[in-house]
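Engineer: Sharing a structure with you now.
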Amino acid sequence: MATAMLHDVYMDPARSSGYELTRKRVYILPSRAGWMFAGCLGVMLLGAINYNNSLAYALTFLLGALVLVSVLHTYRNQAALVIHSGHTSSVHAGDIGAFDVEIRNATGLARVGIMVRYGDIARKRGVKHEDHDASRPVLIRTNVGAHDSVRLTFPVTSRARGLLALGTVTVSTRYPFGLFRAWSDVRLSTNMLVYPALNGEVGLPAHRADGAGEGGGGRNGAEDFAGLRPYRPGDSPRLVHWKAAARSLQLPVKEMVGGGSADLLLDWQETAGGTETRLSQLASRAVAAERQGCRYALNLPGTSISVGAGSAHLDRCLTAMALYRLAPPYPESA
């Protein structure tokens with residue numbers, strides 16, 4: 001029976017948005033201290049029977065009633081909490097990312113001694129599990145006030161690109177006496193996008209993207225200022241006229257012409273080595289091109305991204321590299 005209920009916890013489709021700890025999802029058993037306390041009560045009961053001592057009977061039954069009451073308080077301290085997955089930001093392989101987990105308490109009862117344990121890094125699609133950093137489990141203790149919420153952050157390091165799933169977190173409590181442990185295993189469908197590592201060649205290519213015109217090198221040359229225009233999504237922050245933006249409510253962007261500037265082509269064929277080495281080189285070049293304010297295109301086998309610039313364009317290119325040749329379908333939250 002317990003195994004079937006635990007299977008429902010992992011397969012519940014509601015885990016995609018939020019997970020409410022209803023009475024069917026909270027499990028409770030005596031802790032080690034609880035079993036020891038039960039043994040002491042048994043010895044006390046035998047002593048009361050042996051000596052026929054009314055005070056010993058009264059103390060034993062009083063402590064036994066305290067145990068029964070603590071079961072209710074332990075269960076109520078965890079029931080009706082709602083677990084949500086928070087915001088996750090993309091990182092490069094080898095960097096430290098973070099998963100946010102939010103605990104909401106919509107009741108008027110404050111929750112004390114809530115423990116959240118995270119130590120199961122789920123397997124990414126298309127990437128072997130041993131590619132992940134098998135870090136130690138992280139245990140965070142917190143209190144949640146009435147009609148309040150808390151946000152917890154769990155750091156994690158990934159050694160491989162792709163999608164890294166949050167996996168399973170265990171929410172538990174031993175309040176108030178530590179005699180019982182109530183817990184719930186929660187699996188939220190939250191994924192972190194891991195870009196290729198930035199350990200490749202940083203030098204920008206000398207090849208131009210299609211339609212860039214004649215001449216020019218791999219970097220922007222001298223350009224002439226042609227005026228200001230309104231900001232468009234994808235524009236590089238380097239082109240924003242910040243002084244003019246401070247004097248108005250709009251965000252003007254400098255428009256440059258001439259100077260023989262070139263659009264760069266980040267081409268798979270211009271890299272060497274294995275798949276991960278090539279992707280690391282392309283990722284390093286894309287980041288370098290963005291920092292220098294260049295416009296660039298990406299060419300991968302089976303995937304091409306047209307010329308562009310700005311943080312949105314960089315994210316699109318890095319996403320294509322992160323998911324390159326990984327088995328679809330990808331989770332909806334990616």
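Engineer: If you check Ala58, Ala65, Ala80, Ala48, which single one turns out to be surrounded by 14 or more Cβ atoms within 10 Å (Cβ to Cβ), of a type in the set (Gly, Ala, Ser), at pLDDT 85 or above and outside any loop (DSSP other than H, G, I, E, B)? Please lay out each step first, then the result.
Structural biologist: Numbers: Ala58 fails: surrounded by 14 or more Cβ atoms within 10 Å (Cβ to Cβ); Ala65 fails: surrounded by 14 or more Cβ atoms within 10 Å (Cβ to Cβ); Ala80 fails: outside any loop (DSSP other than H, G, I, E, B).
Answer to the selection: Ala48.
Engineer: In the range 242-277, which residue that is part of a loop (DSSP other than H, G, I, E, B) and modelled with pLDDT under 70 is surrounded by the fewest Cβ atoms within 10 Å (Cβ to Cβ)?
Structural biologist: From the range 242-277, those part of a loop (DSSP other than H, G, I, E, B) are 247-251, 258-263, 271-274; that's our starting set.
Those left that are additionally modelled with pLDDT under 70: 249, 258-262.
Numbers: Leu249: 5, Gly258: 11, Gly259: 12, Gly260: 13, Ser261: 20, Ala262: 24.
Out of the qualifying residues, it is Leu249.
Engineer: I need a count of the residues in the range 68-77 that are of a type in the set (A, V, I, L, M) and either surrounded by 13 or more Cβ atoms within 10 Å (Cβ to Cβ) or in contact with a helix residue (DSSP H, G or I) (Cβ under 8 Å, 6 or more places away or on another chain) (or both).
Structural biologist: Narrowing the range 68-77 to residues of a type in the set (A, V, I, L, M): 68-69, 71-72.
Then keep just the ones that are either surrounded by 13 or more Cβ atoms within 10 Å (Cβ to Cβ) or in contact with a helix residue (DSSP H, G or I) (Cβ under 8 Å, 6 or more places away or on another chain) (or both); that gives 71.
Selection size over the range 68-77: 1.
Engineer: Looking at the range 160-176, which of its residues are among the charged types (D, E, K, R) and closer than 23 Å to Tyr324 by Cβ? If you could, list the steps in order and put the result at the bottom.
Structural biologist: Of all residues in the range 160-176, those among the charged types (D, E, K, R) come to 161, 174.
Correct list: Arg161 only.
The values are calculated or read from the model by the stated rules, or taken from the named source; none is laboratory data. Everything numeric in this text was worked out from a predicted model, so none of it was measured. Cβ sites come from the backbone with ideal geometry, for glycine too, and all protein chains shown count toward neighbours.
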